[in-house]
Structures are given as C-alpha cells and as structure tokens.
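Below is one structure; the comments refer to it alone.
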Amino acid sequence: MNKHVSHGITVERSGADMFVTMHSPQENPLSLAAQKAGQLYGLLHMVCDYAAANDSLAGLDPQVQEGVLSLAAGLAREALALSEMAGVVG
C-alpha cells in the first residue's frame, strides 16, 4: 500500500482503490458537516450569480459544468455522511 501524508491530508493507494483522509483536530462531525454545507452553499450561490448575469449556464464550458456539478455532489455526499455520523455519535 502506497501512503503519502501532506498538509494534514493522507492519501493511500491499495490496488485500484484510493483513500483520501483529512486530519481535523478538535472538530466534530456536526461542525465539519456545517463547513461542507457552507462550501456547497457558496458554490451554488456563485453558479446562480453566474447564471443570472449570463441568462443561463449554457455559457459555461461543458467541462466546467461537469466539474462544478461533480464538486457540488461531492460536498453534498460529505455533508450527508458527516451529518449521519453526528446523529449516531451525538
């Protein structure tokens, strides 16, 4: 298993699988979920502002659209998993 640690983030590779973990000292699942939800809100707010200024999202390059949607989905999954963990732990 390959392992790399940098800036509080650990990346491990095991065969075809890759695991990325972040060390968050003095944090709890609910506070991390709130951070992820805030990041998601900021991303979606920025996209809405762009759409309003340009009358649509069609002006965005398809790769950028895909990247934004992928980032939003990832943040939503992380917020959901952390919220669920907070419910189990708390």
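Read the figures in this text as sums done on the coordinates, not as results from a lab. Worth saying up front: this structure is predicted, and the values here are computed from it rather than measured. So basically every Cβ, Gly included, is an ideal-geometry build from the backbone, and we count neighbours across all protein chains shown.
Odds and ends about this structure:
- Counting all C-alpha pairs of the chain, share separated by more than 19 Å (%): 57
- With the helix formula -39500 (n - 2.57) applied to DSSP H stretches of n ≥ 4, the chain reaches a computed 222 nm mean residue ellipticity of -21500 deg cm²/dmol.
- Sorted fewest first by neighbouring Cβ atoms within 10 angstrom, Val88, Val64 come out as Val88, Val64.
- Contact order normalised by residue count of the range 26-89, Cα under 8 Å, 6+ apart, percent: 61
- Model label points for Met85 and Asn54, set 7 angstrom from Cα along the Cα-to-Cβ axis, are 3.5 nm apart.
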